[in-house]
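As structure tokens, the structure follows; a few thoughts come after it.
Each value in this text was obtained by applying a stated rule to the coordinates, not by laboratory testing. Every value quoted in this text rests on a predicted model; they were computed, and no experiment measured them. Positions of Cβ are generated from backbone atoms using ideal geometry, with glycine treated the same way; all protein chains shown enter the neighbour counts.
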Amino acid sequence: MILGRDLEKAHLAGMLDAVVQGRGAALVVRGEAGIGKSALLTHMAELAADVACQLRVTATEAETDLPFAGLHALLHPVRERVDSLPEPQADALHAAFGLRAAAEGRDRFLVGLAVLTLLAEVAEERPVVCLVDDAQWLDQSSADALLFAARRLQAERVMVLFGMRDGDRPFPTAGIAELPLHALDETQSAALLAEHCGELAPAVRDRVVAESGGNPLTLIELSRMLGPDQRAGKLPPLGLYTEASSPLGRLESAFQKRIGVLPKRSRTLLTVAAAEGTGDLGLIMSAATALGVGVTDLEPVEHAGLVRIDGGLLVFRHPLVKAAAYRGATLSWRQDAHRVLADVLASSGDEDGEDRRTQHLAAATTGIDENLGRLLERAADRATRRGALAVAATGYERAAQLTGNRELRARRLALAAEKAAEGGQLSRAGGLAERGERLTTAPEAKAELVSVRAAREFELGDAESAGRIMVEAAAAIVTVAPAKAREMLGVATTRSYLAGDLETVRRAARVMTATTAPGPEAIGYLPGWVRGCALLLSGDHLGGLRMMRSAMRTGGKPVGATISYALFNAILLGDDREAEVLADEYVRQCRDTGQISELTHALQIRTQIRILTGRHAEAKADGAELLHLSEATGHTRRAGHLRGILALLSAIEGKDAECESLARHASAGAAGASWGGYALGLLALGRGDHRSTVRHLNDLLSGRGGHTVVAKYAIPSLVEALVRLGRPDPAAGHFARFRDWAEASDQPWALGLVHRCIAMLSPAAKAEPHYLTALEHHDRGTRPFDQAHTLLLCGEWLRRARRRSEAAKRLRAAADIFHRLGASPWLKRANHELAAIGARPRSTTQKAGALDLLTAQESQVVRLAATGASNREIAAQLFLSPRTVGYHLYNAFRKLGVGSRTELARYGSPDS
């Protein structure tokens, strides 16, 4: 019976009911040691005993540095079903379990997707309840995989319940509901004490309750220390403890006191068991024998109630008993325990056993030991092959600590930094890189370390510093490793351009020139592209765009890393059609290869392109998927950038509060903030608040993002607002900047805006030819909102010229486009103009299209299903489970009024 947890038990029962009905759920039960987390997980196991397949694991501190140890133990009962998964997912999970090497460049979240699919398939037969106790001790790779799966539970009959102790290793639970466990109150504590200890003198009871701090385990264990006279109140209770110590400190002291009265050989056995960590009784006894300890020495420990034997496992009464046994032992005892455990594991004959042996040797060693350093490096190599990047980073770092040679230590720190970065631990990676840089004098090694440190700086929002340090490092290796130098210069240029750091981009261009000497590697597009960026950033739009356009033509068909440069190039050129093609291909490549992290970048770019080209429903679908993926993968920077982009869509649709909230929370340096600034300016323009428009867009153009392409997009709106306020001179100054870029880009939509601005800046009698020219360009352009905006302004000019019939034609055309785009404030403005000339306004009622009835994810699923893809194939593309795909299709069928997949053909989209 669990006392004082009625609300928590009811919450768990409700979750289980929901899971049985097909609504997946995840929960973190959090609290201090001994507060009752394990008891609640056991209660859930009892609730689910007759209705669900249960998978359970208790993570241990001894396995925090073993690749996928927690995940392997959790999924062991269903391991035979791995082969039924889609091939990339099955390969990833087999690699995680050490059965094959991970594929080159495999995304670290692919294992999480495989876990999601596996659990969902098991749940097709029976609901699944996963119980993960002491989750703070999960190895990082297992934690990443389980959290990814837990965050994407939707229609699966799967529950994942984590029990996690406060104050130990960090466990990133963002996006997962939490159930914090608080201390019991005095009444609950007294009831628990009475249940476990019987009658106590009132003063003794009150003292024990006070000392326990409402912690159930502390309460029970302290009460067990009372002798008969203490229970009766004849002797002071718990006189050993002071009021200043914490309840958990008192509890560990209580366990250490109970251990301290045991015979020495029994204490030695406990030290070995605590050092071993997993409870393998055979291994513990084999190692203890080498220290002169036998099985009879286990009896006093069992009689003291500190451990129990469960089959072939030695189970500590509580993790704090293990901690007390280990921390209470002297350093020499602990080292002896690890040494004998390593000796026993020497004959294990498998990778896991070798990894455990290496960890024990490391724990038994102080100082420099190159032989052990080599063993740790080999263990880290094995972790890398399994895709356990965080574990690999720890192994390389420990190997470096055992290394006396400075350059070898730097190399191992570089490996540790690289794996930490690949595993998403950029802050840790940056620290490792800094340590390595101080040790090495080798330019190539330093360049690798600098690349990692620069990635951290960029992620933290300092693109300027990230670009500068990479250019400096590339310059140092330009003659010895030109290919690596070119790669670094390309990345540095992108970052420095985003930061508006002209000097660093220029230096990158100069250094890049030195890499163009004849050599075995093809130079490709990067030298010309970098020089083009330098010209563009310096204000030479014609020369810069011409050089960038020419450079990309030399690079061949964009694949792999090249596609991101080609996309950046298309965006800087304003070439929406090329950008759309490239973005679709980028998304396709990421989906096909399971590159989940890279997909967040691809979706971010495609979202902004689809907003600009008027494909709002598809943009919302991409944005929704990106936000889910960003949450699941920890890409907070990407999510911040997306909020700025989505703010523009909210501005077009006139959703004031949503736009302002998204813009306020936009991040990711200049780029995300620039989109947010543009959105706020356009929102104000749509309301007719020209002063606010000028304020927002002036802030944008004079701020960190003033050089970005989105700032150029915003200039025509600023020109309009300034003209409305009767300030044509500053409007003309801003316009000159836009015109220079637009004419260099030679894109119809941009040229249309050039002539629209000229029309607004011209005397009324000279405006018409420019409006007509603008509309001719827009007819060939790609941005319907800009076209409708120009039609609106032309219609307003025609109305003022009293040419009502012609005005009505332009205004109706504008209203039709605004209506299609859902641009409510702009449609209202067009209707106001129509009413002013006595014409019938366009209906503002939005007749929802079929796909408009669907959620963003339902729309995605329908589009893919319309191509003939199966649920399993759609699930692999969208990183969902097949059951969730089926759930979305079921809802879509009902909303669309269709009865079969063949009827979805008309909703297909080849680029979805």
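At 222 nm, what value in deg cm²/dmol follows for the chain if DSSP H runs of at least 4 each add -39500 (n - 2.57) and the sum is divided by all its residues, to the nearest 500?
After summing the helix terms and dividing by residue count, I get -21000 deg cm²/dmol.
Only one of the values [x] 1.05; [y] 1.01; [z] 1.13 was calculated from this structure for Rg/Rh (Cα atoms, Kirkwood Rh); name its label.
Computing Rg/Rh (Cα atoms, Kirkwood Rh) and matching it to [x] 1.05; [y] 1.01; [z] 1.13 gives [x].
By average Cβ neighbour count within 10 Å, what is the ranking of 208-219, 267-278 from highest down?
Sorting 208-219, 267-278 by mean packing, highest first, produces 267-278, 208-219.
What is the helix-to-structure angle for 541-553, meaning the angle in degrees between its Cα long axis and the longest Cα principal axis of the chain, kept from 0 to 90 and rounded to the nearest 10?
Result, in degrees: 60.
Rounded to the nearest 0.05, what FRET efficiency do A514 and R780 have when you use their Cβ-Cβ distance and R0 = 45 Å?
It comes to 0.60.
For labels at D50 and R577 in the simple 7 Å Cα→Cβ model, what's the distance in nm?
The modelled label-to-label distance comes out at 6.8 nm.
Amide H to amide H, which residues 5 or more places from A155 or on other chains are under 5 Å from it, using H placed in the peptide plane?
For A155, the qualifying residues are G24, T884.
Given R₀ = 22 Å, what would the calculated FRET efficiency be for E370 paired with A101, taking r from the Cβ atoms and rounding to 0.05? Intermediate values should be presented prior to the final figure.
Details: r = 27 Å, r/R0 = 1.21.
For R0 = 22 Å, the calculated efficiency reads 0.25.
Taking neighbour counts of Cβ atoms within 10 Å as a proxy for exposure, in what order, fewest first, do E444, E796 appear? Numbers along the way, then the final one.
On the way: E444 16, E796 19.
Ranked by crowding around the Cβ, least crowded first: E444, E796.
For a quick check: with amide H placed at 1.01 Å from N, whose amide H comes under 5 Å from A102's, ignoring anything fewer than 5 positions away on the same chain?
R386, G387
Fewest first, what order do E631, E437 take by the number of other Cβ atoms within 10 Å?
The fewest-first ordering by Cβ neighbours comes to E631, E437.
Would you please give the residues with an amide H less than 5 Å from that of T58, counting only those at least 5 places away or on a separate chain, with H modeled from the backbone geometry?
Those lying under 5 Å, H to H, from T58 are D133.
Modelling each spin label as a point 7 Å along the Cα-to-Cβ direction, I'd like the T330/T296 distance in nm, to one decimal.
2.6 nm
Fully extended, how many nm does the chain gain between H182 and H303 (0.36 nm per residue separation, minus their Cα-Cα distance)?
40.4 nm is the gain from fully extending H182 to H303.
Find the centroid of the Cα atoms in the range 785-819 and in the range 582-630, then give the distance between the two in whole Å.
34 Å
What does DSSP give for the chain in terms of the percent of beta bridges that are antiparallel, rounded to the nearest 5?
20 percent
Any of K655/K828; K419/K446; K828/K895; K766/K828; K37/K257; K655/K895 with alpha carbons more than 18 Å apart? Name them for me.
Table pairs above 18 Å Cα-Cα are K828/K895; K766/K828; K37/K257; K655/K895.
Label point 7 Å out from T636 along Cα-to-Cβ: which residues of the range 419-452 have amide N under 13 Å?
426-427
Need the C-alpha centroid separation for the range 1-75 versus the range 668-722, integer Å.
Here the answer is 50 Å between Cα centres.
Run the paramagnetic zone check for S347: 7 angstrom along Cα to Cβ, then residues of the range 286-323 with backbone nitrogen under 15 Å.
Answer for the range 286-323: 286-290.
Report the calculated FRET efficiency for K9 and E87 (r = Cβ-Cβ distance, R0 = 45 Å), to the nearest 0.05.
Approximately 0.60, to the nearest 0.05.
Could you give me the ³J(HN,Hα) list for the range 570-582, computed from phi with Karplus coefficients 6.51, -1.76, 1.60 and θ = phi - 60°, whole Hz, x at Gly and Pro?
4, 5, 5, 7, x, 8, 5, 5, 5, 5, 4, 4, 5
Using only Cα atoms, find the angle between the long axis of helix 186-197 and the longest principal axis of the chain, and express it within 0 to 90 degrees, rounded to the nearest 10.
Helix 186-197 sits roughly 40 degrees off the main axis of the chain.
Expressed as a whole number of Å, what is the distance separating the alpha-carbon centroids of the range 120-182 and the range 381-429?
27 Å
Can you run phi through the Karplus equation (6.51, -1.76, 1.60; θ = phi - 60°) for the range 20-31 and list ³J(HN,Hα) in whole Hz, with x for Gly and Pro?
For the range 20-31, the Karplus curve yields 4, 7, x, 10, x, 8, 9, 8, 10, 8, 10, x Hz.
Can you sort V581, V115 from fewest to most other Cβ atoms within 10 Å of each residue's own Cβ?
Ascending Cβ contact count within 10 Å gives the list V581, V115.
Angle check, please: helix 482-499 long axis (alpha carbons) against the longest principal axis of the chain (alpha carbons), in degrees 0 to 90, nearest 10.
70 degrees
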